[in-house]
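The values are calculated or read from the model by the stated rules, or taken from the named source; none is laboratory data. Keep in mind the model is a prediction, meaning the values are calculated, not measured. Here Cβ is always computed from backbone atoms with ideal geometry, including for glycine, and neighbour counts include all displayed protein chains. Quick note on the areas: whole protein, heavy atoms, side chains included, nothing else; ligands and nucleic acids left out. Shrake-Rupley method; radii C 1.70, N 1.55, O 1.52, S 1.80 Å.
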Amino acid sequence: MRIAVVHDYFTQLGGAEKVAEEIMRMLPQATLHSTVALTESIPAGLSDVSIKVSWMQHLPNLQKYYRLYFLLYPLAVRSLDLSQYDLVISSSSGYVKGVRTNRDALHVCYCHTPMRWVWGFDNYSQRESLTTAHRMVLRGLIRGLRDWDIGASRQPDHFIANSRAVATRIARAYGRHAEVIHPPIDLSRFGISNEQEDYYLVLSRLVSYKRIDLAIAACNLLKRKLLIIGDGPDRARLTPMAGPTITFLGRLPDRDVQYFAARCRALIFPGEEDFGMAPLEIAAAGRPTIAYRAGGAIETIVDGTTGVFFDRQEPEDVASAIERFEMLKWSEHTLRNHARGFSVEVFQTRMRAFLSKIGAHVSDTSPFAFDIQERTA
């Protein structure tokens, strides 16, 4: 049985990359493909894995301009040769759902979201502060990319969504049903601390749709201490907004992330995420989350038990949620037990069951053995 795992691009570290990492751990005999793979954006668990990349890997200044090459990714995806594989699992938030496979192969797409910049272009472009001229040019290009994306969505035999919210988007955009299997949380990375310090935490890539500006504005209003772990293109816009109680820590080693996660008062999670792994990682450390009531957060946070919600993306609403949070008591062990429901073991069990259901039968021992008995559309 020849198996390929195909990831969109290793250009940043996020939840999608962690899912690709865990699928490869689950299928150690698989070959990993990607359009591009930047060394600093490869998860630690894949550091020893050989990644087959496309011709895009050799484009100039890829680290700086990978987002500007967006029209080239469909061509790169089509250039990947997967004809020798019997089972293809694509990890896609963009393009690799459209890979061409052997006619008799089984293709399962784990979809993190339909392309955000294609299906929500107006919101995306506003957050990126594009000029009217840029928006007009891009809207025409995006229209063509949306047509391509619809065609690409017909390639997989089956879809898996990382949340019910994404399953709904897949149905709306592609007219396809998706099984919901939540991403895995590595509980071993986080532990409960006996110490608690007086700060709130943001743990995120700094990109506009994450709405880190709301966390900054709310903590400015209340004069609460906020530590921001992560980096990204939105940092230049966010830095001037920060008052004296806000500190940008940039990207940190895993041990430092664990330290700050276990000792914070709470995570602030102000954006609408497809799934959002950070609230569960924080819960594994015994800490709650203050979150916008939308997207994947609805599926991962229990109001009043593992966090509190706010309903409008306004600084005053975030500030009110912080004040409400501070009046409640939280059980560290209840929070960690909640995170256990999204563990690596749960993810593997559900993935194994789904693959078996569609005809890729998985043995109970590792490495997993597959026997595709019937290709079902």
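So here's what we get for this one:
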{"item": "Where region 201-360 is the region considered: accessible area per residue in Å², 1.4 Å probe", "result": "39 Å²"}
{"item": "Whole-Hz ³J(HN,Hα) from phi, Karplus 6.51 cos²θ - 1.76 cosθ + 1.60, for region 263-276, glycine and proline x", "result": "10, 6, 6, 6, 7, 9, 10, x, x, 9, 9, 5, 9, x"}
{"item": "Helix 132-152 axis, angle to the chain major axis (alpha carbon atoms, nearest 10°)", "result": "50 degrees"}
{"item": "Ranked packing of 154-165, 224-235, most packed first, by mean Cβ within 10 Å", "result": "154-165, 224-235"}
{"item": "DSSP bridge orientation in the chain - percent antiparallel, rounded to nearest 5", "result": "5 percent"}
{"item": "Net dipole in debye of region 210-321 [+1 Lys, Arg Cβ; -1 Asp, Glu Cβ; about Cα centre; nearest 20]", "result": "540 debye"}
{"item": "Built amide H within the under 5 Å cut-off of SER93, gap 5+", "result": "ASP8, HIS112"}
{"item": "Approximate spin-label separation GLU316-ASN102, in nm, with each point projected 7 Å along Cα-to-Cβ", "result": "6.3 nm"}
{"item": "Heavy-atom accessible surface of region 164-299: percent carbon and sulfur, 1.4 Å", "result": "49 percent"}
{"item": "Long-range HN-HN contacts of VAL88 with modeled amide H, under 5 Å", "result": "ALA4, LEU106, HIS107, VAL108"}
{"item": "In sequence order, calculated HN-Hα J values of region 182-189 (Karplus, 6.51, -1.76, 1.60; Hz; x Gly/Pro)", "result": "5, x, x, 10, 7, 5, 5, 6"}
{"item": "Degrees, to the nearest 10: 164-174 long Cα axis against longest axis of the chain", "result": "50 degrees"}
{"item": "The chain: proportion of alpha-carbon pairs further apart than 26 angstrom, %", "result": "52 percent"}
{"item": "Per residue accessible area in Å² of region 30-122, where ligands, DNA and RNA are left out and the probe is 1.4 Å", "result": "42 Å²"}
{"item": "Tensor-based shape of region 39-80 (alpha-carbon gyration tensor, a/c under 1.5 rounded, otherwise prolate or oblate)", "result": "oblate"}
{"item": "Cα shape, region 276-339, gyration tensor, a/c 1.5 rule", "result": "oblate"}
{"item": "Modelled label reach - ALA44, point 7 Å along Cα→Cβ, region 228-248 residues with backbone N closer than 19 Å", "result": "229-231"}
{"item": "Computed lengthening from HIS177 to VAL344, 0.36 nm per intervening residue step minus Cα-Cα distance", "result": "57.7 nm"}
{"item": "Under 26 Å, Cα to Cα: Lys pairs in the chain, sequence gap 8 or more or different chains", "result": "15"}
{"item": "Ranked by how many other beta carbons lie within 10 Å on average, peptides 15-21, 143-149 from highest", "result": "15-21, 143-149"}
{"item": "Calculated [θ] (222 nm, deg cm²/dmol) that DSSP helices of n ≥ 4 give over the chain, each run adding -39,500 (n - 2.57)", "result": "-10000 deg cm²/dmol"}
{"item": "Cα lying deepest toward the dipole's positive end in the chain, options LEU59, ILE229, TYR209, charges on Cβ", "result": "LEU59"}
{"item": "Helix axis angle, 212-222 relative to the chain longest principal axis, alpha carbon, degrees", "result": "10 degrees"}
{"item": "Shape call, region 12-105: gyration tensor on alpha carbons, a/c limit 1.5", "result": "oblate"}
